[in-house]
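Encoded as structure tokens, the structure appears first; notes follow it.
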Amino acid sequence: MNTSLKVLLLTSLAMLFFAANSLLNRVALSETQIDPASFTLLRIASGALFLWLILSMQSGINPRFITRTGHWPSAAALFIYAAGFSFAYESLTAATGALLLFAAVQITLMTAGWCRGERLTPVQLAGFALALGGLVVLLLPGVSAPAWDGAILMVIAGVSWGFYTLLGKGSSTPLQTTSGNFLRAVPLAMLCWFLAGDMRFDGAGILYAVLSGAIASGIGYAIWYQVLPSLTAMTAATIQLSVPVLAALGGVFFLSEAVSFRLMMASAAILGGIAIVLRYKSVPRQQ
């Protein structure tokens, strides 16, 4: 398979997993009894277990190697993102949370790209503006002022995901690295669970958390780590703008949310803007 096509397909698959993660979190925290700390712990622990099982079935890989992969900064960023995301949705609407999360991700990755000398061409800049404008059109109308505690937590989650993305660009063994990061994040999630002291479970909440951790997070992040070396920080920032659109479309098909003309137009703007950014390469900064 052509390398460019492979990167495109894997990147698209990763975005679908990320959108599924948003839907699973949204449904679990709004329609089941599970609390955010318990959801975070189950999500991270099931992701670690699932990735360990995958590695244990691969020939030539010793599962014990997982304990020597990954690193604590990435694990901490992964935990902060997951916990902040879950706790923020206690007080934020889905639209407000998505807007804050991905705005924080974009600012983090764009700032890192700028510091590393990446620049958008005029055409790329127009594409990014189109995509960002579509995101605003989709999420901003009707959004009330967010609660300060939830807003701050979601911004922290977005910055943490941005750092996790940047740290993953240097990985030569994405599956092992992701497994190690999840494993290292488990004790952090356990500490949060004990400190929160609000331990509520139900069958549906547990199921959503496990699906979020094992499938949407474990596999999705491993794929994302695999394609990151082929993407610039600015491209990675822009393409993640598709996740709120995909999550919104998932809400339409799986949660019976109403289809609107605004949703269709915003989706076209965001996906079209992403295509423009991916089509034209960034230019290095002149020294």
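For the range 212-235, a residue qualifies if it is out of contact with any strand residue (DSSP E or B) (no Cβ under 7 Å at 6 or more places or on another chain), over 20 Å from Gly84 (Cβ atoms) and touching a residue at least 60 places away in the same chain (Cβ under 8 Å), and the qualifying residues are Ala214, Ile215, Ile219, Ala222, Ile223, Gln226, Val227, Leu228, Pro229, Ser230, Leu231.
When Phe201 is tested against (1) over 17 Å from Leu78 (Cα atoms); (2) touching a Leu at 6+ places or on another chain (Cβ under 9 Å); (3) in a helix (DSSP H, G or I), exactly one condition is not met: (3). Candidates in the range 70-94 are the residues that are polar (S, T, N, Q) and more than 16 Å from the chain's Cα centre (by Cα); of these, the one that is farthest from Trp148 (Cα to Cα) is Thr93. Number of residues in the range 14-32 that are buried (at least 21 other Cβ atoms within 10 Å of the Cβ), among the small types (Gly, Ala, Ser) and within 16 Å of Phe201 (Cα to Cα) equals 1. Within the option set Ala216, Ala222, Ala269, Ala204, being modelled with pLDDT of 80 or more, closer than 25 Å to Leu55 by Cβ and hydrophobic (A, V, I, L, M, F, W, C) holds for one residue only, Ala216.
The values are calculated or read from the model by the stated rules, or taken from the named source; none is laboratory data. Small disclaimer: the values here were computed from a predicted structure and weren't measured. All Cβ positions, glycine included, derive from the backbone under ideal geometry; neighbour counts span all protein chains shown.
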